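The values are calculated or read from the model by the stated rules, or taken from the named source; none is laboratory data. Note that the structure is a prediction, hence the values are computed from the model and not measured. With ideal geometry, Cβ positions are generated from the backbone for all residues, glycine too; neighbour counts draw on all protein chains shown. Side chains included, ligands, DNA and RNA excluded: accessible areas come from the protein's heavy atoms. Shrake-Rupley method; radii C 1.70, N 1.55, O 1.52, S 1.80 Å.
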Amino acid sequence: MAEPRTRLTLAQIDRRNYYVNLAEGALFIASLGILSVQTVLPALVVRLGGSNLMVGALSVIFYVGAFFPQMFSARFSATLPWKRPWVVIAGAFQRIPVLIMALVILILGGSHPELALPLFMVAFALGQIGQGISAPGWFDFYAKITSIHRRGRLSGLRNSVGGVGAFGAGILFTLFLGWFAFPTNYGLALLVAFLLQLASYLFFIRLIEVEPSPVDPPRRTFAY
């Protein structure tokens, strides 16, 4: 699947991709200030009546969901000459569960917490699986469209600006706790996290992939 034609020069495309990538990454990282599995989400699970086992399961889901699918998706993404279309699809799948989490808490968190909790956990797991599916292709795409002498600087800026944004998101969440009662406070916070990720996605789809990549022959899953 070829990229649409553009009148930009290669230097202009490289510069454009750099700043779009910076904005995309900073917005996504900012959302993680609300989606923290160390602070915010465990507190939410407890408010929904979750046990210590459910709280502990968050970290397991977070890491297993993010890393285990990569053994399979890496095998697939390595065979794709065009990385962007695959990452666009997988990135949408990764973000939609955050919206589902927000709606579940807003609609069911107060009236039916016993139903909201398992639905929330399932949506959270789906989002992490989406991250695991998209990660190998995203890293390939990121390395492909970012010149080698700018990758370190870009990564540092993405994390630094995103960290400031995550701090701001955390302050906003604290204000929500004072302004609104449960479950509105947590539901609105999750909705803000989704909007940040949606804005990140809208930047991402503006990235340009100029040419196809060399493809690797399929390897056995065990090799990964």
In whole percent, the fraction of accessible protein surface over segment 60-147 that belongs to carbon or sulfur atoms, probe radius 1.4 Å, stands at 80
Name the residue farthest towards the positive end of the dipole of the chain from the options LEU80, PRO97, MET54, assuming +1 on Cβ of Lys and Arg, -1 on Cβ of Asp and Glu, about the Cα centre.
LEU80
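Please compute the per residue accessible area over segment 32-146 with all protein chains in place, 1.4 Å probe, rounded to a whole number of Å².
Per residue, segment 32-146 has 44 Å² of solvent-accessible surface.
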What are the DSSP H helices in the chain that stretch 20 Å or more along their long axis, judged by alpha-carbon atoms, and whose average Kyte-Doolittle hydropathy comes to at least -0.5?
10-31, 52-67, 84-108, 113-145, 151-179, 184-204
To the nearest 20 debye, what charge dipole does the chain have about its Cα centre, counting +1 at the Cβ of each Lys and Arg and -1 at the Cβ of each Asp and Glu?
600
What whole-number volume per residue, in cubic angstrom, does the convex hull of the C-alpha atoms of segment 50-108 give?
80
Sum of -39500 (n - 2.57) over DSSP H runs of 4+, divided by residues of the chain (222 nm, nearest 500):
-25000 deg cm²/dmol
For segment 156-224, the Debye formula with one identical point scatterer on each Cα and no solvent gives log10 I(q)/I(0) at q = 0.20, 0.22 Å⁻¹ as -0.91, -0.99
Looking at segment 1-129 from every direction and averaging, what is the projected area of its Cα convex hull in nm²?
9.7
Report the per residue volume, in Å³, of the convex hull enclosing the C-alpha atoms of the chain.
127
